[in-house]
Amino acid sequence: MNTTAATAPGYTLGQMILYMLRLGTFGFGGPVALVGYMHRDLVERRSWISDADYREGLALAQMMPGPLAAQLGIYLGYVHYRVVGATLAGIAFVLPSFLMVVALGWAYAHFGGLSWMQATFYGVGAAVVGIIAMSAYKLTMKTIGTNRLLWAIYLTLAAVTVITESEIAWLFIVGGLLNWFWRAPPKWLSKGGVNALAATQAPTVSGVLSGLDLPLLGQIGLFFAKAGAFVFGPGLAIVPFLYGGVVTEHHWLNDKQFVDAVAVAMITPGPVVITVGFIGYLVAGFAGACVAALGTFLPCYLFTVLPEPYFKKYGKLPAVKASSTASRPQRLARSPAR
């Protein structure tokens with residue numbers, strides 16, 4: 001039985017939407033800071049969400065590909081108000097920063113670049129680094145604690161990420177399996193059996209906005225849906241994938257434009273992957289921005305809402321819990337990239 005659903009929430013859906021709007025408007029610091037704000041505000045200060053529900057949402061968000069903070073915000077909206085709450089909370093969290101990057105995209109296109117971006121970033125950067133450091137420490141101690149195996153996984157992934165300057169997805173899976181086999185070894189392991197693992201695919205999104213270049217919008221929707229569906233890791237982990245498609249494969253932007261798009265993500269609040277809205281605007285105007293954002297965030301929405309009932313039912317099983325716990329230090333190892 002879902003005890004959360006049976007308990008009357010101490011807040012209204014409107015209050016949750018207003019909170020997510022405010023967080024999306026003023027929440028600087030990247031994914032680690034944003035999920036830290038959610039715990040501080042919704043669990044510690046307001047007691048809208050129980051610590052158990054928060055941890056469950058964080059574990060699910062860290063198991064799935066896509067932007068961590070957005071996924072957690074969607075989950076917290078789902079806790080008491082189900083699909084409607086998840087949908088409105090997710091939109092409210094993403095909408096402010098989306099409007100900001102679209103406005104910056106318009107200014108960039110009409111005034112021939114934004115040379116002040118780099119200077120602004122350096123001014124904001126010092127405060128953001130401090131926010132990231134504090135939030136990373138709190139989240140690390142909360143999720144890893146004194147577990148030596150998790151610390152080993154965390155430090156190993158951090159070292160690999162620094163040395164290779166990339167995120168290796170199969171190590172994410174290996175870490176989860178390692179902690180699973182160590183903390184809750186399956187019965188078949190002792191009997192010499194074998195097991196198979198399967199991966200799911202998320203649906204892709206094609207934009208339909210007005211009568212603009214529909215083939216181009218379809219390309220944008222497909223590419224950014226793949227980015228949202230198959231890229232693990234918060235923060236700027238999505239940037240190498242975007243560069244390969246936007247600059248190298250499709251030649252939608254040049255190197256300077258892409259660097260400017262990353263700068264926009266760094267100086268705006270909300271999820272860092274909202275830079276896809278800026279990129280989409282430069283490629284195909286407002287329609288391109290909408291399609292790029294929808295393509296990126298729809299998979300993470302589905303990856304949060306669809307498995308939630310099953311995760312709530314089976315997430316406390318030792319094997320699932322061990323695997324999801326091991327995923328946390330690996331995504332933390334990638335987080336300081338905001």
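Things worth noting here:
- Residues of the range 79-104 classified as surrounded by fewer than 24 Cβ atoms within 10 Å (Cβ to Cβ) and closer than 12 Å to residue 308 by Cβ, total: 4
- Wholly within the range 237-338, helices (runs of 4 or more DSSP H) carrying at least 1 residues that are over 14 Å from the mean Cα position of the chain (by Cα), modelled with pLDDT under 75 and aromatic (Phe, Trp, Tyr): 308-314
- Selection within the range 45-88 - free of Cβ contacts under 8 Å to residues at least 24 places away in the same chain and either touching a Pro at 6+ places or on another chain (Cβ under 6 Å) or under 16 Å from residue 23 (Cα atoms) (or both): 45
- When 281, 243 are screened for being hydroxyl-bearing (Ser, Thr, Tyr) and either over 26 Å from residue 26 (Cβ atoms) or surrounded by fewer than 18 Cβ atoms within 10 Å (Cβ to Cβ) (or both), only 243 passes.
- Among residues of the range 16-50, those that are of a type in the set (Gly, Ala, Ser), assigned to a helix (DSSP H, G or I) and surrounded by fewer than 18 Cβ atoms within 10 Å (Cβ to Cβ), counted: 0
The values are calculated or read from the model by the stated rules, or taken from the named source; none is laboratory data. Nothing here was measured: the structure is a model prediction, and the numbers come from that model. So basically every Cβ, Gly included, is an ideal-geometry build from the backbone, and we count neighbours across all protein chains shown.
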